[in-house]
Every structure is written in C-alpha cells, then in structure tokens.
1. Amide H of N30 versus every other amide H placed in the peptide plane: which residues, excluding those fewer than 5 positions away on the same chain, fall under 5 Å?
2. Quick check: the angle from helix 39-55's long axis to the longest principal axis of the chain, C-alpha only, nearest 10 degrees?
3. As a quick test, which of the pairs K103/K158; K131/K171; K22/K171; K103/K132; K53/K103 have an alpha carbon distance above 20 angstrom in this structure?
4. Each residue of the stretch 90-106 in order: what ³J(HN,Hα) in whole Hz does its phi give by Karplus 6.51 cos²θ - 1.76 cosθ + 1.60, θ = phi - 60°, with x for Gly and Pro?
5. Whats the longest run of the chain with zero trypsin sites (Lys or Arg not before Pro) that are DSSP loop and have at most 10 other Cβ atoms within 10 Å?
6. Would you mind listing how long the stretch 1-106 runs along its three principal axes, going by Cα atoms, in whole Å with the largest first?
7. With each run of n ≥ 4 DSSP H residues scored as -39500 (n - 2.57), what mean residue ellipticity at 222 nm is computed for the chain after dividing by its residue count and rounding to the nearest 500 deg cm²/dmol?
8. For the chain, give the share of DSSP beta bridges that are antiparallel, in percent and rounded to the nearest 5; count only bridges with both residues there.
Amino acid sequence: MLGSTSYKLLAGSSVDVLIVPKTASFKLENLLVPTDGSGPAQKAGYKAINLAKVFSAKLNLLSVVEVEPIAFESEVPHLMETLEKFIDSQRKALASAQEALIKRCELEGISCFSSIEDGVPHEIIIDFSAKKSIDLIVMGSYGKSGIKKFLLGSVTEKVVGLSEVPVLVVKS
Ligand code: ATP
Ligand code: MN
C-alpha cells in the first residue's frame, strides 16, 4: 500500500505521475486503460492512445460494473428490479465511453480490445493486468465521484498500491 508521503506526492501533483514497482520490467507493448466513463478516465484513455501510437502498442480497455453482492441477497422483488435497471444503465454508459476510445483507436490504426466485467474495480484491474501481461496501466487520478478535496480516487490509490506493473496516473 501507499505510504503517506507517496500518497501526498501523488495526490498533490499537478503533473502526470509514473509509478514503477521495483520488480517491473520496462516494456510498452500492451497497455491497459481502466475507464469508468468519467472525464478524467477518458482523458487518460486518449493519452494512452497517443502512447500506443508512439510505441506501436496494443490497447486494452476495461470497465468494471460495480455490483454489490449484498444487494443480490435481497428478497424484495421491487428492489431487485430497480437494481438490475441501474446496473444495466451503468453497463450501457460504460460501453458508450469505451466506444468513443475504440473509434479513436480505429482512426489511429491501433489494435484495441475492450471488456466489461462485474466486480470490485481495483481487484478486477489488478487481476486483468496480471493475466493479460500488461506492461503499463494508464488511469485517471479521479473518476466519477470526483471529490476534488481528496485529489486522488480510491480505485487509483488501491491500484497504485497493489500493482506489480507500472501505473501512469493522468492528472486532470
Ligand atoms: P471514489 O470512487 O474513490 O469515490 P473517484 O470516482 O473520483 O473516487 P476513482 O474511482 O479512484 O475516483 O477513479 C480513478 C480512476 O480509476 C478513473 O479515472 C479510472 O481510470 C479508474 N476507475 C475507477 N472506477 C473504475 C471502474 N469501475 N472501471 C474501470 N476503471 C475505473
Ligand atoms: Mn470511483
């Protein structure tokens, strides 16, 4: 996990920050952009596309639908319906955010793979980066909640703290 000094440095920085774990190798062939569809995440996505172009890298888009397991245990039918609708609209919003980045990749001639998964964002992001041999994660410093007071979102904080591959945090 991040120490308080690293956290302050990362949260307070006005420029993008690249975090390289000690064990990481330096390769830029396979990039991962986790997006929640927010402005800061999409900004990171376009930055990653520019990087992919320079380094002839592949791009992977990953969006996580945050599904609360407790909610599914509910026996209230109406609640389930509302929840399913909410999840469905989340999925659609994520797909259209990905679509914008996919279109840009097509224009730039970059191979782009996209996926939407259910679960806890930082866990899915870390798993994905290990399984798909990702060389660099490019993500926003904050996302949908964008509580600027904190300057660093909790997903980014967790990914930076747990990732075994380098993370480029794009500041907004
Ligand atoms: P918090 O979620 O802690 O209230 P926040 O929404 O402002 O605050 P984060 O969620 O940490 O901040 O978002 C930071 C970055 O993490 C985003 O720019 C995006 O790159 C990534 N991210 C966040 N949520 C998801 C998600 N559900 N799927 C994929 N990537 C995500
Ligand atoms: Mn968030």
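1. It is K58, D135, L136, by chain and number.
2. Roughly 40 degrees, rounded to the nearest 10.
3. K103/K158; K131/K171; K22/K171; K103/K132
4. Result, rounded to whole Hz: 4, 4, 5, 5, 5, 4, 6, 5, 5, 4, 4, 6, 4, 4, 5, 4, 4.
5. Details: sites that count: K22, K148, K149.
The longest uninterrupted stretch comes out as 23-147.
6. Dimensions of the stretch 1-106 along the principal axes of its Cα atoms: 50, 40, 26 Å.
7. Working: 5 runs with 78 residues, N = 172.
Helix contribution divided over all residues of the chain: -15000 deg cm²/dmol.
8. So the antiparallel bridges amount to about 15 percent of the total.
A short reminder: the numbers here are calculations on the coordinates, not readings from a lab. Predicted model, so just to flag it, every value in this text is computed and none were measured. Cβ sites come from the backbone with ideal geometry, for glycine too, and all protein chains shown count toward neighbours.
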